[in-house]
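The structure appears right after this line, and notes come after that.
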Amino acid sequence: MKVGAHVGSSGGLTTAFERAQLIGAETIQIFGAPPQQWRRRKIRDDECAAFKQQPVFIHGTYLINLATESPEQLEKSAEALAGDLRLASAIGAKGVIFHVGSHKGVGFKKVLPQIAKTLKKVLKDTPEDAWIILENSAGQGGSVGSKFEELGAIIDATGSERIKVCVDTEHAYAAGYDLADKKGCDAALRELDKTVGLDRLVAVHANDSKIALGGGVDRHDNIGDGHIGKKGFEVIMAHKAFRNVPFLLEVPGVEKQGPDKPNVDALKAIRKKVGAN
C-alpha cells in the first residue's frame with residue numbers, strides 16, 4: 001500500500017517530484033491540464049521520460065461532464081479526457097481519474113447511453129496502455145456515481161477492461177457508505193465487488209469528511225479532523241480490499257495549502273499500525 005497525494009506541477013511537470021519528496025509521498029496524482037480550463041500545455045520529451053520512472057495518476061479537469069445536455073460541452077469533455085489519456089500514455093501514468101459529471105436531475109438511466117457512447121469513442125481514439133478511472137461522487141447536484149451500482153452500469157455498458165475505479169473515501173461517506181465502521185466498510189466493499197468488481201479498484205482518494213454520514217456534499221477534511229477520523233481510517237486501511245491499492249490525499253492541508261507532510265505521515269502511521277505496510 002503506497003501513500004501519496006495530489007501535488008502541483010506548476011513550473012513544469014517534473015517539479016511535482018520535488019513537491020512529492022518534501023511531503024514524503026510514495027505515489028502522486030497531478031493535473032494534466034489546468035483543472036478549470038480546456039486549454040492544454042505542450043509536454044517536453046524529457047518530462048515524459050522522467051515520469052516513466054514513477055507511480056503516477058492524472059486527474060482530469062473539473063469541467064468534464066459526460067452527462068451534459070450540451071453537445072459542445074460533451075465534445076470538449078471527450079477531447080479533454082482523450083488528451084489526458086494520451087498524456088498518461090506518454091509519461092507512463094496508470095491512467096486518468098475523473099468525475100463522470102452531473103445529469104442535472106434528469107436521472108442516471110437517461111444519460112447512461114450517452115456516457116457509454118462517449119467513453120467507447122474515447123477508448124477507440126486513445127492508447128490502450130492508459131486506464132479510464134471512474135471516481136465515485138458524493139451525490140450533490142445530480143452527480144453520477146454516488147452509488148457503486150452506477151459505476152458498475154457504466155462499466156457494463158462500455159464493456160472495456162480499460163475502465164477502472166477510484167474510491168474517494170469522503171465521497172463514499174457523504175453518499176451513505178459508512179467506511180468508518182467495520183461492518184459498514186465490509187458491506188460497502190461487498191457492494192463494490194458485486195457491482196464493479198474489486199479487481200477494477202486501482203486507487204483511493206484518501207480524504208476525511210467535513211460532512212456527516214450521508215450528508216451528500218463534497219467537503220474534504222484533513223486526516224483525523226473529520227467525521228471519518230483516524231479510527232475510521234484504521235478500519236479502511238486494514239481492509240484486505242485496499243491492501244495493495246495506492247492512497248492519494250486530496251486534503252486541504254494543515255496550512256490550507258493542499259496535501260502536506262502531516263497528512264502523509266498520519267496515513268503512514270495508520271498503515272503501520274494496522275499492518276498494511
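Laboratory data are not the source of any read-out in this text; all were calculated from the coordinates shown. Nothing here was measured: the structure is a model prediction, and the numbers come from that model. Note: ideal-geometry Cβ built from the backbone for every residue, glycine included; neighbour counts use all protein chains shown.
Using Cβ counts within 10 Å as a stand-in for footprinting exposure, how do Lys261, Lys110 rank, fewest first? Let's see the in-between values first.
Details: Lys261 15, Lys110 12.
Lowest to highest Cβ neighbour count: Lys110, Lys261.
Amide H to amide H, which residues 5 or more places from Lys164 or on other chains are under 5 Å from it, using H placed in the peptide plane?
So Lys164 has HN proximity to Ile132, Ile133, Leu134.
Name the longest site-free stretch of the chain, where the excluded sites are GluC sites (Glu not before Pro) in a DSSP loop with no more than 14 other beta-carbon atoms within 10 Å.
Working: sites that count: Glu69, Glu128, Glu161, Glu255.
That would be 162-254.
Near the amide H of His59, under 5 Å away, which other amide H atoms are found, from residues 5 or more places off or on another chain, if H is placed in the peptide plane?
Ile30, Phe31, Gly32, Ile97
Can you tally the lysine pairs in the stretch 190-276 where the Cα-Cα distance is under 21 Å and the two residues are eight or more apart, or on different chains?
The number of close lysine pairs in the stretch 190-276 is 22.
Less than 13 Å Cβ to Cβ from Arg19, Lys/Arg counted +1 and Asp/Glu -1: what total charge do the surrounding residues give?
For residues surrounding Arg19, the net value is -1.
Longest segment of the chain with no chymotrypsin sites (Phe, Trp or Tyr not before Pro) in a DSSP loop having at most 16 other Cβ atoms within 10 Å? Walk me through the numbers on the way to the answer.
Working: sites that count: Trp38, Tyr62.
The segment 63-277 is the longest one with no such site.
Once phi is turned into θ = phi - 60°, what whole-Hz ³J(HN,Hα) does the Karplus curve with 6.51, -1.76 and 1.60 give for every residue of the stretch 144-149, x standing for Gly and Pro?
7, x, 6, 10, 4, 5
When Lys and Arg each count +1 and Asp and Glu each count -1, what net charge do the other residues less than 11 Å away from Arg271, Cβ to Cβ, add up to?
Values: positive: Lys2, Arg243, Lys268, Lys272, Lys273; negative: Glu26, Glu234, Asp265.
Net of charged neighbours comes to +2.
What is the sum of charges around Asn136, taking Lys and Arg as +1, Asp and Glu as -1, for the other residues whose C-beta is under 9 Å from the C-beta of Asn136? Please report the intermediate quantities before stating the final value.
Values: positive: Lys147; negative: Glu135, Glu150, Asp168.
Net local charge, Asn136 excluded: -2.
For the residues Asp181, Asp208, what sequence is obtained by ranking on other C-beta atoms within 10 Å, fewest first?
Details: Asp181 16, Asp208 27.
Lowest count first: Asp181, Asp208.
Would you order Asp260, Asp193 from fewest to most other beta-carbon atoms within 10 Å of each residue's own beta-carbon? Mind showing how you got there, number by number?
Values: Asp260 20, Asp193 15.
Exposure proxy ranking, most exposed first: Asp193, Asp260.
Using amide H atoms built in the peptide plane, which far-off residues or other-chain residues are under 5 Å from Gly4 H to H?
Close amide H contacts, sequence-distant or interchain: Glu26, Thr27, Phe247, Leu248, Leu249.
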